[in-house]
Amino acid sequence: MATMRERSFTDQIRGAVEACGRSRYRLCAATGIDKGSMSRFMSGGGFLSEQSLNALADAIGLSVAEREPMKAKVNP
């Protein structure tokens, strides 16, 4: 199983939404995210805007922090 560091950002958000204990309907109502957009995002078929991701993170109690980009590996 992949660790949080190995999973993509959107996969981490999807996992947090599933684990938060609130229904997608309630999250949509709390954040103003369209139900269709949420459904597409959760199924991996769509993306959410930065504003929507921030609202979603706030609603489920996440802090989003930037990190330094990974350095490319160079083969000798």
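The values are calculated or read from the model by the stated rules, or taken from the named source; none is laboratory data. Model, not experiment: these values are computed from the prediction. Every residue, glycine among them, receives a Cβ derived from its backbone with ideal geometry; neighbour counts consider all protein chains shown. Side chains are part of the model used for accessible areas, which takes the heavy atoms of the whole protein and leaves out ligands, DNA and RNA. Shrake-Rupley method; radii C 1.70, N 1.55, O 1.52, S 1.80 Å.
Things worth noting here:
- Taking the criterion of being open to solvent by 70 Å² or more (accessible area, probe 1.4 Å), assigned to a loop (DSSP other than H, G, I, E, B) and closer than 18 Å to S8 by Cβ, the residues of the stretch 18-62 that qualify are S43, F47.
- In the stretch 56-76, the qualifying residues are those that are touching a Leu at 6+ places or on another chain (Cβ under 9 Å) and modelled with pLDDT of 90 or more, and the one that is farthest from R7 (Cα to Cα) is A59.
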